[in-house]
1. Tell me, please, whether a residue that is within 24 Å of residue 228 (Cβ to Cβ), within 24 Å of the chain's Cα centre (by Cα) and in a loop (DSSP other than H, G, I, E, B) can be found in the stretch 153-171.
2. Which pairs have Cβ atoms under 7 Å, sit 6 or more apart or on different chains, and link a residue in the stretch 193-211 that is in contact (Cβ under 8 Å) with a residue 40 or more places away in the chain to one that is surrounded by 13 or more Cβ atoms within 10 Å (Cβ to Cβ)?
3. Looking at the stretch 161-184, can you tell me whether even one residue there is surrounded by 13 or more Cβ atoms within 10 Å (Cβ to Cβ), touching a residue at least 60 places away in the same chain (Cβ under 8 Å) and at negative phi?
4. Residues in the stretch 72-108 that are loosely packed, with under 14 Cβ neighbours inside 10 Å, in contact (Cβ under 8 Å) with a residue 24 or more places away in the chain and out of contact with any strand residue (DSSP E or B) (no Cβ under 9 Å at 6 or more places or on another chain): how many?
5. Within the stretch 129-145, how many residues are surrounded by 15 or more Cβ atoms within 10 Å (Cβ to Cβ) and either in the same structural domain as residue 71 (by TED's automatic domain parsing) or more than 19 Å from residue 170 (Cα to Cα) (or both)?
């Protein structure tokens, strides 16, 4: 066999190997696609079913169940009010259905909780069979810290879809604010004195090895110069070791 014939033979063998490898890759890709599709199921409709029945229905399709919330509705207690994903959607086996369960018809009247402490409001909600919802806080002069300023739903409401009551709570008067001074380049003792003169707490100190600064000098600070701070702020400084 001449050199030319040998080269042509090797080329044909290499080409045949390439074709076979391509066919094998495409076959594997197709098989993988069918395997993935085979692991998908149609999400069953469990709205209106009792939670236990709904869980069994979902498990029969290889789908789990997670309770996201409970709301008042005309459905019996623990019946599924809403579900996600929606019925008949294709989902992978092992995925979870997120459901909202019924608390039954609304029977509680929202009590007046404004101008009470947050702790007292929570206790009153428990007595009324209600739950604490979202809590937002704001600095407000003239109001004590931890005092309920506003509530949602309003007192006396009876047509609520949810048992949760949201609160706006006072943080009291805002602490005095200061502008963060420049500390970098100062000796540690001078920096601490400057902080105290500005009404701020002594800093949290971190010693940092460096050959580019004088021992004991401040080489970094948090917050940075000019930022707003108050008496509760944590001031950190890095000092050359």
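The values are calculated or read from the model by the stated rules, or taken from the named source; none is laboratory data. As the structure is a prediction and not an experimental result, all values here were calculated from the model. Here the Cβ positions follow ideal geometry from the backbone for every residue, glycine too, while neighbour counts run over all protein chains shown.
1. yes
2. Sorted first by the residue in the stretch 193-211, then by its partner, the pairs are 195/203; 195/235.
3. yes
4. Result for the stretch 72-108: 2.
5. Here the count works out to 1.
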